[in-house]
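The structure under discussion appears below in the form of structure tokens.
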Amino acid sequence: MKISLIQPGRNNLKYLKWSYDSIRKNQGNHEVEICVADDFSNDGTWDWCLDRMEKDNNFKAIRNEGPTRLGHTILYDDLVKIASNEICMIYHADMYLCPGALDSIEKRMKEKTIVSLTRIEPPLHPPGPEKILKDFGIEPEEFDEKELLSF
């Protein structure tokens with residue numbers, strides 16, 4: 001499957017690096033394009049994006065030069081325009097792609113269908129039917145991958 005993961009963000013470089021690594025580690029046999037929109041960050045995000053674009057042919061990035069933030073909604077639209085693949089998935093920088101996730105998406109894909117993965121997140125926000133609350137670490141440096149995968 002060819003898929004573009006679109007990630008808008010602002011000043012979340014450590015999460016962006018973490019999510020990037022999880023995607024590349026767990027994408028399996030899928031051709032994954034990562035499209036990032038830097039919303040006027042000042043934490044080195046744009047420099048990192050420039051470096052990724054030099055080293056990874058399946059990485060694209062655009063930048064809002066500011067001084068005003070555009071926000072996720074506008075940047076999702078902009079990212080879909082630069083995505084190369086017919087299938088696009090919203091993917092936040094603080095998300096970790098588990099092994100087999102893209103296989104699961106591909107199995108459930110059919111025309112005019114929206115497919116969503118189950119969210120597992122620490123109990124920072126109220127519970128809801130769309131997610132599982134379980135703490136595997138709040139910050140990337142605290143993340144317990146082994147515990148998540150055994151869960």
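The values are calculated or read from the model by the stated rules, or taken from the named source; none is laboratory data. In this text, all values refer to a predicted model and were calculated from it rather than measured experimentally. Here the Cβ positions follow ideal geometry from the backbone for every residue, glycine too, while neighbour counts run over all protein chains shown. Surface areas here come from the heavy atoms of the whole protein model, side chains and all, with no ligands, DNA or RNA. Shrake-Rupley method; radii C 1.70, N 1.55, O 1.52, S 1.80 Å.
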Checklist entry - How would you order 99-105, 119-125, 11-17 from highest to lowest mean count of nearby Cβ atoms within 10 Å? => result 11-17, 99-105, 119-125
Item to check | Mean separation of Cα contacts under 8 Å, 6 or more apart, over the residue count of region 1-100: relative contact order % | outcome: 47 percent
Checklist entry - Ignoring ligands, DNA and RNA, what percent of the accessible area of the chain is carbon or sulfur (1.4 Å)? => result 50 percent
Checklist entry - So between D21 and K110, what do we pick up on full extension, going 0.36 nm a residue minus the alpha carbon distance? => result 29.2 nm
Checklist entry - Using the heavy atoms of the protein chains alone and a 1.4 angstrom probe, what is the accessible area of the chain per residue in square angstrom? => result 61 Å²
Checklist entry - How long are the three semi-axes of the equivalent ellipsoid of the chain, in whole Å, if each is the root of 5 times an eigenvalue of the C-alpha gyration tensor, listed from largest down? => result 24, 20, 16
Checklist entry - Summing -39500 (n - 2.57) over the DSSP H runs of n ≥ 4 in the chain and dividing by its residue number, what mean residue ellipticity at 222 nm do you reach, to the nearest 500 deg cm²/dmol? => result -9500 deg cm²/dmol
Item to check | Whole-angstrom gap from region 67-102 to region 125-145, using each part's C-alpha centre | outcome: 20 Å
Checklist outcome for this item: Counting as exposed only GluC sites (Glu not before Pro) in DSSP loop states with no more than 10 other Cβ atoms inside 10 Å, the longest exposed-site-free span of the chain is 1-64
Checklist entry - Once phi is turned into θ = phi - 60°, what whole-Hz ³J(HN,Hα) does the Karplus curve with 6.51, -1.76 and 1.60 give for every residue of region 105-113, x standing for Gly and Pro? => result 4, 4, 4, 9, 6, 8, 4, 6, 10
Checklist outcome for this item: Spelling it out for I87: with amide H atoms placed in the peptide plane at 1.01 Å from N, the residues 5 or more places away or on another chain with amide H under 5 Å from its amide H are S4
